[in-house]
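For reference, the structure discussed in these notes is given below.
Since every read-out is calculated from the coordinates, none of them should be taken as a lab result. Since we're looking at a predicted model, the values are computed, not measured. Here the Cβ is made from the backbone with ideal geometry for all residues, glycine too, and neighbour counts use every protein chain on show.
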Amino acid sequence: MTLPTISFLDSPHALDTGDILVVGLQKTDQGAVVHAPGLDDDTREALTSLATAIDADGSLDSAWRQGPPATLRVRSVVFTGLGDEEMTADRLRESAGYAALQVSKGERVVFALAESGDELAAVVEGALLGSHRVQKPGKSANEARPTLAFLGSLDDAALSRAMVSTEAVWRVRDLVTMPPNLLNPVSFVDHITSLAGGTGLEIEVLDETKLLAEGMGGISAVGKGSQNPPRLMVLRYRPASPTRHVALVGKGITFDSGGLSLKAPNAMVGMKYDMTGAAVMAAATLAASALSSSTSITAYLCLAENMPSGSASRPNDVITIKGGKTVEILNTDAEGRLVMADGLALASELSPDLIIDIATLTGAARIALGERYAGLMGTPEGVAEVEASAARVGERVWGMPLPHELRSLLASDVADIANAKPGEVLGGMLLAGVFLKEFVGEGIPWAHLDIAGPAHNSSGAFGYTPKGASGALTRTVLDVVLS
């Protein structure tokens with residue numbers, strides 16, 4: 001899908017009778033009050049009276065659509081809830097996005113939520129994020145969708161960043177939503193190669209033969225049970241005068257059956273989402289290139305399909321990860337950490353200024369943090385940088401420890417480390433992080449994001465996040481490489 005057309009209106013007089021006008025609605029002790037910079041006092045008072053008449057209270061993640069007051073020449077008005085807390089760019093972004101999620105038909109949607117600066121940039125971004133719609137396979141993408149307009153003005157640089165960051169999120173959502181019979185490691189590579197055409201990104205792809213020859217035991221072991229062979233896709237972005245080098249590693253399990261440690265039938269539903277990490281890192285790299293980031297980027301997309309067969313890896317197999325460390329596989333459903341181990345070891349060979357890895361890694365992360373927060377682990381420097389970027393773009397992360405005492409749970413009699421502790425149900429997210437830490441080079445700043453929760457929103461829409469694939473943390477990673 002392509003982003004909708006955007007325009008800016010310098011006056012409410014530019015509103016048209018076919019427009020759908022979006023205004024904010026704040027909760028106060030005196031009742032709901034319309035927030036609509038750019039509209040005159042009389043119009044805001046008339047809209048506040050209308051909101052009161054329909055019992056719209058301004059609660060977050062709520063919207064009310066109504067015919068306009070007689071003095072306002074538009075088709076309808078959407079009141080989007082702003083809650084009762086401090087007005088921030090994050091709040092405006094989410095409220096604009098929630099309104100956009102509610103409107104799928106019409107000629108033009110006009111947002112009167114902010115007039116300039118960071119607040120308007122957030123409104124534009126939120127409206128774009130909320131305008132994404134899932135395209136069903138085989139259906140035309142040419143359905144009529146509303147254009148977007150905003151009361152106010154925004155400079156070209158801020159508009160470009162908002163549009164490129166949103167496009168990155170849309171790309172993640174579109175990729176993750178694709179069914180696994182259409183998206184496998186090979187077709188994933190083809191899709192990203194097509195998107196990278198004309199960008200100047202360098203692309204390297206290691207097939208199953210080269211993976212074995214290069215000692216990528218993790219990706220090879222996970223992928224060898226499938227008739228769709230594994231791949232390692234490397235994207236390199238090289239600006240003319242780089243200020244630093246960041247390595248990105250993304251988990252790309254295009255479908256996860258659990259392998260021979262087979263998942264229960266219901267647990268397999270949704271496992272097409274297990275490649276979200278690779279989609280995020282690919283989209284963020286493409287976006288950084290489009291915005292001419294001064295950061296040099298090397299992105300490793302670790303792609304495999306985890307399937308049971310006569311050639312699949314077995315519990316008790318011992319494999320060798322890139323760099324020589326051996327791993328005893330005790331659970332073939334703990335496969336994500338195996339492919340990520342290869343990626344982290346490769347990234348460490350470059351001695352970058354920062355490594356970020358992102359993966360839908362553990363069900364334990366969903367249990368601990370739900371579906372709105374990503375678990376964040378790593379070195380103090382890496383964690384601090386990702387936390388700062390997440391705060392800037394309005395995404396949710398939660399710092400978690402990497403307890404050294406958990407390392408003994410991964411002891412193996414026949415290898416340097418085991419990939420799991422069978423039967424251990426405590427601290428699963430942390431144990432996975434402890435495993436990954438083994439493959440990060442000494443002294444390299446590193447941040448690990450477990451996005452098993454926020455990658456997929458299984459409940460109702462909130463803010464600019466629809467039900468289903470969210471694209472969460474894409475904007476955070478992009479902010480890191482742009483900072």
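So the values come out like this:
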{"read-out": "Whole-Hz ³J(HN,Hα) from phi, Karplus 6.51 cos²θ - 1.76 cosθ + 1.60, for segment 111-126, glycine and proline x", "value": "9, 10, 10, 7, 10, 6, x, 4, 5, 5, 4, 5, 5, 4, 4, x"}
{"read-out": "In order through segment 221-236: 3J(HN,Hα) via Karplus (6.51 cos²θ - 1.76 cosθ + 1.60), integer Hz, x for Gly, Pro", "value": "5, 5, x, 6, x, 9, 6, 8, x, x, 8, 10, 10, 10, 10, 10"}
{"read-out": "Whole-number percent relative contact order across the chain, with pairs defined as alpha carbons under 8 Å at least 6 apart", "value": "15"}
{"read-out": "Of all DSSP beta bridges in the chain, antiparallel share, percent nearest 5", "value": "40"}
{"read-out": "Relative contact order (%) - criterion: Cα under 8 Å, at least six apart; region: segment 257-385", "value": "29"}
{"read-out": "In segment 1-108, the trypsin sites (Lys or Arg not before Pro) that fall in loop regions by DSSP, at most 14 other Cβ within 10 Å", "value": "Arg73, Lys105"}
{"read-out": "Shape category assigned to segment 253-358 from the gyration tensor of Cα positions, a/c cut at 1.5", "value": "oblate"}
{"read-out": "At R0 = 30 Å, FRET efficiency that the Cβ-Cβ distance of Thr17 and Ser458 yields, to 0.05", "value": "0.15"}
{"read-out": "Globularity index of segment 65-116, i.e. its alpha-carbon radius of gyration over 2.2 N^0.38 Å", "value": "1.22"}
{"read-out": "Under-5 Å amide H pairs with Lys325, H placed in peptide plane, nonlocal only", "value": "none"}
{"read-out": "Entries in Lys224/Lys467; Lys272/Lys421; Lys210/Lys325; Lys210/Lys322; Lys325/Lys437 that, when Cα-Cα distance is taken, lie over 22 Å", "value": "Lys224/Lys467; Lys272/Lys421"}
{"read-out": "Placed amide H near Thr147: partners under 5 Å, 5+ positions off or other chain", "value": "Arg108, Val109"}
{"read-out": "Sparse-neighbourhood loop sites, GluC sites (Glu not before Pro) in segment 387-483 - DSSP loop, at most 16 other Cβ within 10 angstrom", "value": "Glu424, Glu442"}
{"read-out": "Chain lengthening between Asp42 and Arg236 when straightened (0.36 nm per residue, less Cα-Cα)", "value": "64.3 nm"}
{"read-out": "Where only alpha carbons of segment 6-152 are counted, the Rg and the Dmax (Å)", "value": "14.6, 51"}
{"read-out": "Length-normalised contact order of segment 1-95 in % [C-alpha pairs under 8 Å, at least 6 apart]", "value": "32"}
{"read-out": "Cα-projected label distance for Val318 with Glu204, points at 7 Å along beta-carbon direction, nm", "value": "3.0"}
{"read-out": "Amide H within-cut-off set for Val22, under 5 Å, with H built and near neighbours excluded", "value": "Val78, Val110, Phe111, Ala112"}
{"read-out": "³J(HN,Hα), Karplus 6.51/-1.76/1.60, whole Hz, each residue of segment 367-373, x for Gly, Pro", "value": "5, 6, 10, x, 9, 10, 10"}
